[in-house]
Amino acid sequence: MALRRRKAAVIFLAKSFSNDLLAREIRVNVISSGTTDTPAFDKFVPAEQIDAVKTQFAM
């Protein structure tokens, strides 16, 4: 739950900065932790833990 709140706060902060800096044509980018469901992901995470890992990093 705390991870989700932190991710939401970072996204909100980036959107806020982006709106403030739009007139000056300055972009705001953020990187947020999470998983990408690819074939390689399945190779590195044991099958019995895949759902738990995806749930942990879901937004």
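Brief remarks follow.
Per-residue answers, yes or no, for (1) in contact with a helix residue (DSSP H, G or I) (Cβ under 8 Å, 6 or more places away or on another chain); (2) not aliphatic (A, V, I, L, M):
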| residue | (1), (2) |
| --- | --- |
| Ala2 | no, no |
| Arg6 | no, yes |
| Val10 | no, no |
| Ala14 | no, no |
| Ser18 | no, yes |
| Leu22 | no, no |
| Val28 | yes, no |
| Ile31 | no, no |
| Pro39 | no, yes |
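- Top-ranked residue of segment 10-59 - restricted to ones that are at pLDDT below 80 and among the aromatic types (Phe, Trp, Tyr), ranked as farthest from the chain's Cα centre (by Cα): Phe41
- Residues in segment 34-59 that are open to solvent by less than 60 Å² (accessible area, probe 1.4 Å) and within 17 Å of Leu3 (Cα to Cα): 4 in all.
The values are calculated or read from the model by the stated rules, or taken from the named source; none is laboratory data. Computed from a predicted model, the values in this text were never measured in an experiment. Methodologically, a virtual Cβ is constructed for each residue, glycine included, from the backbone with ideal geometry; neighbour enumeration extends over all protein chains shown. SASA here: full protein model, heavy atoms, side chains in, ligands and nucleic acids out. Shrake-Rupley method; radii C 1.70, N 1.55, O 1.52, S 1.80 Å.
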